[in-house]
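Right, one structure below, let's go through it.
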Amino acid sequence: GHTGGVRWVCTTPDGQHIVSGSTDNTVRVWALASGAAVCTLKGHTSAVMSVCTTPDGQHIMSGSVDNTVRVWALASGATVRTLDGHTSTVPSVCTTPDGQHIVSGSVDNTVRVWALASGAAVRTLNGHTGGVRSVCTTPDGQHIVSGSMDNTVRVWALASGVAVRTLNGHTGWVTSVC
């Protein structure tokens, strides 16, 4: 198993696998039915903070303290691409419901949207004054929701990147949304 703490887990859409990210710099894929390790994904140079899968179950994304997002092929375990652009830890990644985009939140105070197919940066969402700890998308794929160390939740229009709402009232960091 992992040799460091597990920071995040998710399941594949078909329910066949568990994916875990660890402070040992790896992502591991496990067979849900047997608990057997299927593969270990290596490439991050620092702790893996978050993992998610695409809706079709073909890819895994991971965010890391090495400031990158990695896209992996679930079937082979190979790195498909590394997304560079954040300047600090990436504690949260997710995909849009249509599987076309990756959304990442970083301690650099930004949310980034990436094209899954090409890895191109689509846009950077600025507005938080503290690190972004968590991101998710709404089920209709129209909005991104982010939680931050600035004690706010922001709602962004995915198509434009415009912040449509800022939710104030927390007295501490917002570490999880959705």
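In region 142-156, how many are over 14 Å from Cys94 (Cβ atoms) and either charged (D, E, K, R) or open to solvent by 20 Å² or more (accessible area, probe 1.4 Å) (or both)?
The number of residues fulfilling the criteria is 6.
Here are the criteria: (1) of a type in the set (Val, Ile, Thr); (2) under 20 Å from Ser76 (Cβ atoms); (3) within 16 Å of the chain's Cα centre (by Cα). Tell me which single one Thr23 does not satisfy.
(2)
A quick yes/no check of all residues on (1) of a type outside the set (Phe, Trp, Tyr); (2) without any contact (Cβ under 8 Å) to a residue 40 or more places away in the chain; (3) not in a strand (DSSP E or B):
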| site | (1), (2), (3) |
| --- | --- |
| Ser20 | yes, yes, no |
| Asp24 | yes, yes, yes |
| Trp30 | no, yes, no |
| Ser34 | yes, yes, yes |
| Val38 | yes, yes, no |
| Thr45 | yes, yes, yes |
| Ser50 | yes, no, no |
| Ile60 | yes, no, no |
| Trp72 | no, no, no |
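Can you tell me which of Val90, Val113 is open to solvent by less than 30 Å² (accessible area, probe 1.4 Å) and in a loop (DSSP other than H, G, I, E, B)?
Val90
How many of the residues in region 165-178 are open to solvent by 70 Å² or more (accessible area, probe 1.4 Å) and part of a strand (DSSP E or B)?
Number satisfying all stated conditions: 2.
When only residues in region 116-141 that are buried (at least 19 other Cβ atoms within 10 Å of the Cβ) and hydroxyl-bearing (Ser, Thr, Tyr) count, which is nearest to His86 (Cα to Cα)?
Ser134
Are any residues in region 60-76 under 14 Å from Thr12 (Cα atoms) and either open to solvent by 10 Å² or more (accessible area, probe 1.4 Å) or modelled with pLDDT under 95 (or both), and if so, which ones?
Within region 60-76, Ala73, Leu74, Ala75 meet the criteria.
The values are calculated or read from the model by the stated rules, or taken from the named source; none is laboratory data. Predicted, not measured: the structure shown is a model, and the values here were computed from it. We place every Cβ from the backbone using ideal geometry, glycine too, and count neighbours over all the protein chains shown. All accessible areas refer to the heavy atoms of the entire protein, side chains included, with ligands and DNA or RNA removed. Shrake-Rupley method; radii C 1.70, N 1.55, O 1.52, S 1.80 Å.
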